[in-house]
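The values are calculated or read from the model by the stated rules, or taken from the named source; none is laboratory data. As the structure is a prediction and not an experimental result, all values here were calculated from the model. Glycine gets a Cβ as well: all are built from the backbone with ideal geometry, and neighbour counts include every protein chain shown. Areas reflect the complete protein model, heavy atoms only, side chains present, ligands, DNA and RNA absent. Shrake-Rupley method; radii C 1.70, N 1.55, O 1.52, S 1.80 Å.
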Amino acid sequence: MDVPTLLKNLKQQKLQSVYLVKGTESYLIDQVKNQFQALLTADEATMNFGNYDLATTPLATALDDAMSAPFFGDRRIVFMQNPIFLTAESKQAKIIHDVASFLTYLSDPPQSTILVIFAAYDKLDERKKVTKALKKQATLVDVQPLSEQQAQQYVNAYLLDQQLSIEPAALRLLVARTEANLSLMMAELAKLTLYALNERQITLVAVEQLVTQSLAQNVFTLVDAVMARDVTRALTLYNQLVLQKEEPLKLNAILVGQFRLLIQVKILQRGGYSQGELAKVLRVHPYRIKLAINQAKKFQQIALRQAYLGLIDLEYKLKTSQQTPELLFQLFILHFSQEVA
């Protein structure tokens, strides 16, 4: 079930006893939490709402609450977050959870309680008995990160509901400057909708003025300058980022990560991996993979490797040398520009 369908069902009071909210898209997770909590009045929530972080609280404590009868109300709502016992990483948990009691609960969940389990993970351990039992009993709500197309559709639907529209070019720029991250897009829409209240349309000019280019995008541009061996442009971009108070070590780490991604994309594409498969294998947002594929096409793998190794060396010098980061980057780009790919 997707989030819009869930929200529609909740408004119509089509309720289930157990929900499994699986995925990592924070905006959608917040939407789900807000709508479940809205089922209770403020007075009801005081006595009939529980929120348990299973990273620090035993599962038994949350189950005790879930099995209790509502107090001066018709229903109880219990949230369970960070259910690491559903994953392959359960051995790393600091708390031992009573999974057997949870299986008993799932076999006959009380109708007066709505139990909502938030599994903010890329995947669960499907081999486990508890995972199989939960997926059989629970209504699954998908809150995985959306694709670029899905994010655009979500934004258009939201604006239609607000009786607003957005220029196609403005939407494309919004996607680019937020890297198709729905949480970031919706955060930016908060100010864009205020700006567009009179005209009822979000324009390209509005996005250009109100939505700033992210650090990742600036680094993306810097990668192009480095690979083009454009010393002047690369130094200008780097110095601008330093003047904007970006930490040189952090900046270098992002550069290293981007070059690593480009090399990985190059290698895996030769192995026949599709764009969707690359996103899953590398655990990178599909939009970033799309950009990386387009960027990697322009460069030879040996040149990417030379730049990557140069940046690894630069990281060491940033940590050990007394020279300024600006000078060290200048030496790196000058040396790289003279290498033959």
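List of remarks:
- Label-point separation, Lys123 to Lys319 (7 Å along Cα→Cβ), nm: 3.1
- Using the alpha carbons alone, the radius of gyration of the chain stands to its Kirkwood radius in an Rg to Rh ratio of 1.05.
- According to the Kirkwood relation over distinct C-alpha pairs, the hydrodynamic radius of the range 62-180 is 17.5 Å.
- Heavy-atom accessible area, probed at 1.4 angstrom with all protein chains present, ranks Thr178, Thr212 as Thr212, Thr178, highest first.
- Solvent exposure of the chain amounts to 53 Å² per residue of accessible area, where only protein heavy atoms count and the probe is 1.4 Å.
- Of the listed residues Thr56, Thr131, the order by accessible area with a 1.4 Å probe, largest first, is Thr56, Thr131.
- Surface share of carbon and sulfur [accessible, 1.4 angstrom probe, percent] for the chain: 51
- Cut-off under 5 Å, modelled amide H: who pairs with Thr24 long-range: Gln144
- For the range 167-238, the fraction of alpha-carbon pairs lying more than 17 Å apart is 49 percent, rounded to a whole number.
- Close amide H partners of Ile202, meaning residues 5 or more places away or on another chain with modelled amide H under 5 Å apart, are Ser165, Ile166, Glu167.
- Remark on the range 232-332: Rg and Dmax equal 15.1, 45 Å (Cα only).
- At most 14 other Cβ within 10 Å, DSSP loop - chymotrypsin sites (Phe, Trp or Tyr not before Pro), the range 1-90: Phe71, Phe72
- Sum of -39500 (n - 2.57) over DSSP H runs of 4+, divided by residues of the chain (222 nm, nearest 500): -18500 deg cm²/dmol
- For Leu309 and Arg233, the difference between the fully extended length at 0.36 nm per residue and the C-alpha to C-alpha distance is 25.3 nm.
- Sparse-neighbourhood loop sites, trypsin sites (Lys or Arg not before Pro) in the range 175-277 - DSSP loop, at most 13 other Cβ within 10 angstrom: Arg200, Lys245
- Around the amide H of Val18, modelled in the peptide plane, lie the amide H atoms of Leu115, Thr139, all under 5 Å away and 5 or more residues distant in sequence or on another chain.
- In sequence order, the range 174-185 has phi-based couplings of 4, 4, 5, 6, 10, 6, 6, 7, 4, 4, 5, 4 Hz under the Karplus curve 6.51 cos²θ - 1.76 cosθ + 1.60, θ = phi - 60°, and Gly or Pro positions carry x.
- Applying a DSSP loop filter and a limit of 14 other Cβ atoms within 10 Å to the trypsin sites (Lys or Arg not before Pro) in the range 98-157 leaves Lys123, Arg127.
- For the range 203-217, backbone phi angles converted through the Karplus equation (6.51, -1.76, 1.60; θ = phi - 60°) give residue-by-residue couplings of 9, 4, 4, 4, 5, 4, 7, 9, 9, 7, 6, 6, 4, 4, 5 Hz, Gly and Pro being listed as x.
- Remark: the range 263-272, residue by residue, has Karplus-estimated 3J(HN,Hα) of 5, 4, 4, 4, 5, 5, 5, 5, x, x Hz, where x stands for each Gly or Pro and the curve is 6.51 cos²θ - 1.76 cosθ + 1.60 at θ = phi - 60°.
- Taking every alpha-carbon pair within the range 59-113, the share separated by more than 13 Å comes to 63 percent.
- With the alpha-carbon atoms of the range 1-119 aligned to their principal axes, the span from lowest to highest coordinate is 40, 32, 25 Å, starting with the largest.
- Reciprocal mean inverse distance between Cα atoms of the range 219-275 - Kirkwood radius, Å: 12.5
- For the range 137-272, diffusion coefficient by Stokes-Einstein and Kirkwood Rh (Cα), 4 °C, 1.567 mPa s, µm²/s: 75
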